[in-house]
Amino acid sequence: MRQMAENRVKQDLREEKTQELEDRGGVSAPLSLSQHIVLVGIRNAGKSSLLNTLFEKEVAIVSSQPGTTTDPVLRKMELKPLGPVAFVDTAGVDDEGELGKARVHKTYQRLENASIVLFVTPIDQPPKQAEKKLVRFLKGSGKPYLGVLTFADRQPHVEKLDWLKTEGILTTVRVDNRNQKGGKEVREALARLASSIVPEPTPLDGLVKAGDTVLLVVPIDSAAPKGRLILPQVETIRDALDRNCSVVVSKESELDDTYRNLRERPKVVITDSQVFRKVASILPLDQPLTSFSILFARKKGELDPYLASLPILDRFPSGGRVLILEACSHHRQPDDIGTVKIPRLLRERVHPNTVVEHARSPEGIDLSQYSLIIHCAACMLTRQAMLARLYRFQQLGVPVLNYGLFLAWANGLLPRALEPLPEYQISYARYFIARSLAPLPSV
Ligand SMILES: Nc1nc2c(ncn2[C@@H]2O[C@H](COP(=O)(O)OP(=O)(O)OP(=O)(O)O)[C@@H](O)[C@H]2O)c(=O)[nH]1
Ligand code: SF4
Ligand SMILES: [Mg+2]
């Protein structure tokens, strides 16, 4: 049975991978644009059964053997008014042994990504220590969560009900997975929680109005995927169309002609960060210009932590370590931005003795040893996941920048890149004034 369950979980993971590949191809809503609803609880709480009840069919393996789900299993659904959602079934938070602890760790990691948490707890049992720890974590995280009381076909345990009351977990739904009762009520409760989710801004929020023209500069170099555009470009085009704007897309090599042939000046030009300098040199100085990367830093998190981190670039310690974090495993090109261009600029513009390291996840890394983290545009992460990362870096006191901001700074173009976003100019002005007043250390 256990072997069968594990085989199924492996299959589920393959399906998740296929789903991600489809997402990149645009077949369904990308995972990074879906609200993640994570099901957590102790082993045998009925989490996988709840997934089946919610989908009204067998989408996850269920067994009386504790620890059946070993890795997160993901299933997508369109759930109004939340839109595309991804339900994530997880391993029990009371799993034991070395492997079990690793699974618990993975479950807590998945919570980082969650927009909403379903805390699944059997109503017929007293609370367990692992559940108490989980509830403390949920309360500290500030994420909206809902108590799902499974085994509603059985007599409630008075200790469980008292504990839920003491913890203030008053929004609960009772579910009887055995008879598939309660799924509709959970979906309705989730819909009510929709208003508590801070919506992710779209790329063009506050930048354009209906009737404006947006000019996008998209280099088609060896790093560009064959035959398609990348997610930030596609999302920006779609956002412009949703806002009834006209969109003009040009390669940087054709930009001069394209710009001159436009009948009216674009409200904003958005460029790939890697050709920022060239694009800036072609356009008139008063043409509002920014980068996809900066707009995505705002969309996937906040710009303020990055802007507050800028001073480290002017007083970087000799031999200081920089961690370059990329959120997905994409094919690396000979002149790769993360492994070649940014390290070169760091040594040229920040400090010649800078030590540069790379990772795809901050998990398992002692982040406090770094003087600076430079994160990619995080287009494959949810906003919740990126905000959780930024919060973690801030708690550790490690300055953080993203690719777009760093490249704009290194090319002396940061003030221009922020111009279309007046809400962030004060933060930049603070940095600029402090920099002008403080003597710079010699590199
Ligand atoms: N009577 C009753 N049985 C349930 C209910 N929910 C789940 N079960 C049973 O409880 C057992 C565990 O259910 P699962 O859904 O596999 O539990 P899980 O939380 O996913 O467990 P792990 O994957 O091991 O962490 C199975 O035998 C289910 O049939 C329920 O509401 N009522
Ligand atoms: S490395 Fe980052 S920015 Fe690049 S594709 Fe992956 S998630 Fe998106
Ligand atoms: Mg399970």
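Testing the spin-label approximation: label points 7 Å from Cα along Cα→Cβ at Leu170 and Val355. State their distance in nm.
5.4
Can you tell me which of Ile270, Ile342, Ile37 moves the most in a GNM of the chain? Springs connect C-alpha atoms under 10 Å apart.
The residue that fluctuates most here is Ile342.
As I understand it, the value is the acute angle between the Cα axis of helix 129-141 and the longest principal axis of the Cα atoms of the chain; what does it come to in degrees, rounded to 10?
30
Could you please state, rounded to a whole Å, how far the C-alpha centre of segment 38-77 is from the C-alpha centre of segment 376-400?
Here the two parts' Cα centres lie 29 Å apart.
Highest first, please rank the peptides 288-298, 365-375 by the mean number of other Cβ atoms sitting within 10 Å of their residues.
Descending mean neighbour count gives 288-298, 365-375.
Put +1 on the Cβ of each Lys and Arg and -1 on the Cβ of each Asp and Glu in the chain; which of Phe137, Ser250, Ile365 then has its Cα farthest toward the positive end of the dipole?
The listed residue farthest towards the positive side: Phe137.
Lysines within cross-link reach of Lys209: Cα-Cα under 30 Å, excluding same-chain residues under 8 positions apart?
Lys80, Lys251, Lys267, Lys278, Lys299, Lys300
What is the helix-to-structure angle for 2-25, meaning the angle in degrees between its Cα long axis and the longest Cα principal axis of the chain, kept from 0 to 90 and rounded to the nearest 10?
30
Going by how many other beta carbons lie within 10 Å of each one, how would you line up Met380, Met77, fewest first?
Fewest-to-most ranking of Met380, Met77: Met77, Met380.
Going by C-beta contacts inside 10 Å, put Val120, Val398 in order with the fewest on the left.
Ranking Val120, Val398 by Cβ neighbours within 10 Å, fewest first, gives Val398, Val120.
Just rank Ser63, Ser222, fewest to most, by other beta-carbon atoms within 10 angstrom.
Ascending Cβ contact count within 10 Å gives the list Ser222, Ser63.
Compute a Gaussian network model of the chain, connecting alpha carbons closer than 10 Å, and tell me which residue from Ala86, Ala429, Ala388 fluctuates the most.
Ala429
Going through the cross-link list Lys57/Lys181; Lys133/Lys165; Lys128/Lys181; Lys106/Lys160, which pairs have a Cα-Cα distance over 22 Å in this structure?
Distance filter (> 22 Å) returns Lys128/Lys181; Lys106/Lys160.
Report the Cα centroid-to-centroid distance between segment 234-279 and segment 294-372 in angstrom, as an integer.
27
Report, to the nearest 10°, how far helix 183-193 tilts away from the longest principal axis of the Cα atoms in the chain, using its own Cα long axis and a range of 0 to 90°.
It works out to around 40 degrees.
No value in this document is a laboratory result; all are computed from the given coordinates. Quick caveat: nothing in here was measured; it's all calculated off a predicted structure. As a convention, Cβ positions derive from the backbone with ideal geometry for all residues, glycine included, and neighbour counts pool all protein chains shown.
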